[in-house]
Amino acid sequence: MHISHESIYRSLFVQARGALKRELLAHLRTKRRFRGRRKAQPAKQGQIVDAIPISARPAEVEDRAVPGHWEGDLLVGSGSTQIATLVERTTRFTLLVRVPSKDAATVRRALGKQMKSLPAELKRSLTWDRGTELAEHAQLSVEADLEIYFCNPRSPWQRGTNENTNRLLRDYFPKGTRLDGYSQSQLSRTAQELNMRPRKTLGFQTPAEAFSQLVALTR
């Protein structure tokens, strides 16, 4: 018998009449006392010029049949600090990228350096939200040789693989902490640790194993 995580959460919160007791709270990864409804995110200022919408993305990206399609976002910390997160949709393999600043040129250079290090077969596309940190997407697309697509406004679930990964990364980078004190080598070690977790969706393979197999096939 299989029970979804949502059913478990609802059962716990209903029994506790909306708020969990302290002893139960300690066992929850998010440590949230209340189970609230998701709220719509406010629209971000600015627009992405010549953005290719996610509706134009090939069907092969949606069904994960072809590897090399990535989802990305900025994981935000306090004091206007952030790191970039990239997740490959087929294998759930994660890359963390040090981003000293949120300005478009800095983000483009940081992502470009990381993506250019990948085999061509494993960097077919990147899906991002509407954040203006990717305003130089056209140049990044040329430099890294990959297509870039943008989610609809206020629709983070359209890059759900990345969203789920970012939630896992909050175990390492809690909300409210500064993210500018980590070197690229430290971020890479954290990504490696996450990539060594077996995943049920991969038949209990690790993302590292699945991705390594794909890399081997490209040689």
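The values are calculated or read from the model by the stated rules, or taken from the named source; none is laboratory data. No experiment lies behind these values; they were computed from the predicted model shown. Cβ coordinates were reconstructed from backbone atoms using ideal geometry, including for glycine residues, and neighbour counts include every protein chain displayed. Note: areas computed on protein heavy atoms with side chains; ligands, DNA, RNA excluded. Shrake-Rupley method; radii C 1.70, N 1.55, O 1.52, S 1.80 Å.
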* Asked: Under the condition of being crowded, with 20+ Cβ neighbours inside 10 Å and β-branched (V, I, T), which residue from segment 124-160 is nearest to T94 (Cα to Cα)?
  -> T127
* To do: Mind listing whichever residues of segment 97-129 are touching a Lys or Arg at 6+ places or on another chain (Cβ under 8 Å) and more than 21 Å from Q192 (Cα to Cα)?
  => S125, T127, W128, D129
* What number of residues in segment 112-123 are open to solvent by less than 20 Å² (accessible area, probe 1.4 Å) and more than 15 Å from H69 (Cβ to Cβ)? -> 1
* Any idea how many residues of segment 114-135 are under 18 Å from the mean Cα position of the chain (by Cα) and farther than 18 Å from F150 by Cβ? -> 3
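Would you confirm whether any residue within segment 79-101 is farther than 18 Å from I54 by Cα, among the hydrophobic types (A, V, I, L, M, F, W, C), out of contact with any Pro (no Cβ under 6 Å at 6 or more places or on another chain) and surrounded by fewer than 19 Cβ atoms within 10 Å (Cβ to Cβ)?
No.
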* To do: Taking the options L214, L194, L187, name whichever one is closer than 22 Å to S117 by Cα, aliphatic (A, V, I, L, M), open to solvent by 30 Å² or more (accessible area, probe 1.4 Å) and touching a residue at least 60 places away in the same chain (Cβ under 8 Å).
  => L214
* Asked: (1) under 12 Å from N162 (Cα atoms); (2) at pLDDT below 95: which one isn't true of A120, the others all being true?
  -> (1)
* From Y172, Y182, residue being over 19 Å from R89 (Cα atoms), modelled with pLDDT of 95 or more and either open to solvent by 60 Å² or more (accessible area, probe 1.4 Å) or of a type in the set (G, A, S) (or both) -> Y182
